[in-house]
Structure formats: structure tokens, C-alpha cells
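Take a look at the structure set out below.
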Amino acid sequence: MFCRGLLALTFVLSLTVGTAPPLAGGAASAAPAKPSYLVLIVMDGFRPDYLSLAPLHHLRALMSQGTYYDTAWVGDLESTTPASHATIGTGVYPRKHNVIGFGWRDPATGRFTYAPTNTNQIHAGYLEKTMTADGVPTLSDEVHLHNPLDRVVSISGEKYYAAATIGAGADYQLYGWLVNGKFRPQVIGPDTPPARTHFQTVTSSNSYFDLQDGFAANLAVRMVDTIRPRALLLNLPATDEAGHYYGTHDAADMRRIVKGDDDAIRKVMNEYKRLGIFSKTLFVVTADHGMVENSHIVPIHSMYTAFRKVAGTAQLDQEYRESMGAVWLPDPSQAETVATSMAQQHFPGVEGAFYKVQTGNAFEFKAVPSTAASLSKPLLRAYLDLANTEAGPAGADVLLPYREDTLGFSTKNRKHWGKHGGFSWFSQHVPLLLEGPGVRHGVSHFPAELVDIAPTIEHLMGWQVPTGVDGVVLGDAELSPSAADVSAQQAVKTRRLQDLRAIQAHSQAQTHPTQ
Ligand SMILES: [Zn+2]
């Protein structure tokens, strides 16, 4: 029975990913070598449809040799840079790592914190402490557990909150900042790279966003050349910053930005080739979230007013400007009252309201009855599954889903702009590719999520996969997946696909309605 089950699952995988290559020898020699090095690149805010804007030869080369997930999505509600980088760096949802967007209720103090933009707190290690407070291990922790002498470097352009979260537990966390007219490397910690790296000499003439990917790649190349880290964790910020600035309406604006991404990847790939370790390196390239256009704007001033009118409700914080609304209350037991009141207003672009309920130590989101009645059953379940990824003490108490391409932020100076962070498909859909020893060639339609990245890397690299991760090992990317990995992946597939398809179809209906 065991063998038949295994064969059946292997068959399913080869249908999904393409024909498995013939085994080179006997069973003993079939096991592929483990990679020696890891390069994990996050192209910030890179929508999968950007892949068609320009040739992107180097990204395409990695895609053509590895496994590309064309149905990957963030899979947790926040879909913002700090939250997603914390998810990628741990393999757990925000409800466990407690990094909720750009602000949240600090579970230790009960007060609201804006930690991701507070450089003093970041330099003091607050983000790392927050993420690991409940014993959540990071990718970097697993590197050091495997070999304490191995080094991990995380690097960004100006996104220190990306370097600090994806690099929680890393030896060197670096980013760039404009100092005396030049964009220069800054050290978050915990250690300063040794003098022989001369890392401070990597600079850029200014901080304009289309120079930042080149800066981050040059800094990465310098660190790889001098330190040879076991793991390089690299955030390329330009696609996100350009997407916010230009929106995604006009492809021409984004074309040179995505070419810059590809050029940054070229620099890193060439360094590993120059050192003769390219074929020993696992490359993982993804995005932390997508980008939503400003086709519709919710009436945030009316929403703030309505919130203030809910009797007896004080404000801890509220956020309506992204691609969803979120409210934190000093007294979370008022969540149902506030959600019901906000849903009754039927604000244009707002699809309903959810509220968080605590039972003992467990948290769960529920829909107010009018919201449950107005959304289709599959969409309601998908929204609740996403909401529950931040159902913890730090997460919001009330959530307001917005329709597709709907934001709460407007600007007088530009016709088009972008935002992200929420339930919608364009916030959620991301590219994901893996390439390197042990990885097969092909395209997978499996609904991979950001939580899968850490356990998959840990498994492929031969590090320990911590117990308690929310993600699964993406066995269908492997040349020889274990039966346990295959069945674990299959076990989550149906629910994830139902949720993903419900959100994708909802987006399609709103952006391309049938006549
Ligand atoms: Zn952004």
C-alpha cells in the first residue's frame, strides 16, 4: 500500500511539474547533492505580470532551469514588506511572528507600536525580538544551528525593515541611507562586517529608487566576495517604490525598473559564477506582495468620522489608506460593535467587516451577518482564512476588505499611483522560483505561499525544518521528494486552491466584468 501510494503521488507530481528526468544510475546514486549556498532574493512589490514588460534574461534563465510557481501568492493577509519578509524569514504566519504590517498592538505592553519605521527600535533589535518572542526560529537561526561558523548576510536598499525581518538572526543586516549627499551602507547589527570587506566604500550617487537595486546588488557582491556567506538574503526595493509612484497602469514607467531588477540579479549570478560556486547554490527568487492601482478610492474621511461616532469607542489606531481597512481598539471586546457599525455604513468600495474574537488564548475572525450574507460562500471562507493569518494578540481587531483596485489613499500630484496590503488578488499574487541542486525544471501550478519558502529552503539545504512552521516543503520542486513531503503538500492544496481561486475570480469579475 505504501509503495502504491508513493507511486500515485509521484505521478501526480510529474503531471504538475513536467516529466521527471531519467535516473542517472541506481537508487543510491539518484539522490541529488545538497546545495552549499543559498541566495534568496525578494523583488519588492513585483507583480507576476511585470515579467512580460521586458526580456529579463537572467531572471528567465533561472526560471527556465528551475521550478517556477505560476500560482504563488502571499497567502497571509498583510501583504506588506515588513510582515511578508518576517513570514519569508520564519515560515510562520503573522499571527505567530507578530509583525503586522507597519504597526500593531505590542502583545507585551498592549500599546500600539510603529516599530518597522522606528530605526532606533530596529537598531535595538526590537523586530527580531518580536518575531522570535514565542520561540519561532528563523532561517538564519537554522544556518547557525547547522554550523555556528557559517555567516548570514541580509541586505536591502533603504528598506531597513526588510533587511531586519528577513535577516532576523543574521550576522550582518545592512541597508542604504542618504548621508552627506551619498547613499551609503548602514549596519543594523548585530555585528559590523569586518574591515577587509571595505563595505562602506559601496555607495551610490543618490537615493533615487531606480538606483537602489544596483546599490543593494553591489553591496551583496562585495559581501559574497569577501565573506562568502552560507546564506545571502537580498531585498530589491525599486519595483515596489516605482509601483507606488507610477501605479501599474502604464507599462512604460515600470519597464526600466524591472530591467534594473534583472540587472541586479545578473550581478549576483555573475559573482557566484566567478567564484565557481554557482552550480552549488540554491537560488530562490520571489516577491513580498503585489501592487494595487488607484481605480477606486474609499471615503476615508467618512470612515474616520463613522468610527469616532461608535459610542464609547476610543482609538488605539486605525488604518484605511492601504488596500483594506484595519482598526485596533484599546478594548478589543468592542470589536463586534465597531465592525457592525462600520458595515452598516455601506461605504463605497468596502465589502464588509470582520471582527476578532478571543476564546482563552485562541483568536479567530468572524464576519458580521450582513457581510456573511453578501459575499459568496467560497469568497467568505477565503477572506476569513486570510484574516485568521493575523488572528493573534498583535493583529487588528476589525478588518474591512476593499474591492479590487481600491485604495484609501489619494494624491493630488499624480494621476496614477499604487498601494498594497490586504485581501485582493493584485496584492496577493507573487512570482516564486527555485533553482539549484536538487531542484527540477518545470512550472508548478501549486498554490505556494510565502510561509512555504523557509521550510523548503531548510529542507533543500539539509538544515533542520523547525516544528510548528505554518508552511509546507514544496516537494514538487524537488528531483526526489520524500513521500511525507508530497503528502503534506497535497494535504493543503485543496483548501488553498479554493481560497485562491475565489479571490482571483472575484478580482477578475471586478476588473473585467462580463458585458
Ligand atoms: Zn510598498
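Couple of notes before you dig in:
- Of every Cα-Cα pair in the range 156-301, the percent that sits beyond 28 Å: 22
- Extension gain, residue 410 back to residue 133 (0.36 nm per residue minus Cα-Cα distance, nm): 96.1 nm
- Pairs of Cα atoms nearer than 8 Å and 6+ residues apart set the relative contact order; for the chain it is 26 percent.
- Between the range 285-325 and the range 67-101, the Cα center-to-center distance that results, in Å: 20
- The value of relative contact order for the range 367-515, using C-alpha pairs under 8 Å at least six residues apart, is 29 percent.
- Whether the range 230-315 is rounded, prolate or oblate, judged on the alpha carbon gyration tensor where a/c under 1.5 counts as rounded: oblate
- Least to most buried among 171, 262, 210, 476 (fewest other Cβ within 10 Å first): 210, 262, 171, 476
- For the range 368-461, trypsin sites (Lys or Arg not before Pro) meeting the loop criterion (DSSP other than H, G, I, E, B) and having at most 12 other Cβ atoms within 10 Å: 412, 414, 415.
- Nearest 10 degrees, 0 to 90: helix 209-227 Cα axis against the chain principal axis: 40
- Euclidean distance between Cα centres, the range 215-280 to the range 491-515, Å: 31
- Exposed loop sites here are chymotrypsin sites (Phe, Trp or Tyr not before Pro) assigned a DSSP state other than H, G, I, E or B and surrounded by at most 15 other beta carbons within 10 Å; excluding them, the longest clear run of the chain is 209-515.
- When each of 240, 499 is scored by the number of other beta-carbon atoms lying within 10 Å, the sequence from fewest to most is 499, 240.
- Mean-position separation - Cα centroids, the range 418-444 and the range 347-388, in angstrom: 25
- Sorting 486, 74, 187, 39 from the fewest to the most surrounding beta carbons within 10 angstrom yields 187, 486, 39, 74.
- Counting DSSP beta bridges with both ends in the chain, the antiparallel % (nearest 5): 60
- Residues in the range 111-122 carry Karplus couplings, in order, of 9, 7, 10, 10, 3, x, 10, 9, 5, 4, 5, 5 Hz; the curve used is 6.51 cos²θ - 1.76 cosθ + 1.60 with θ = phi - 60°, and Gly or Pro positions show x.
Read-outs: derived from the displayed coordinates by stated rules, not from any lab. This is a predicted model, so every value here is computed, not measured. When we count neighbours, we look across all protein chains shown, and the Cβ atoms used for this are built from the backbone with ideal geometry, even at glycine.
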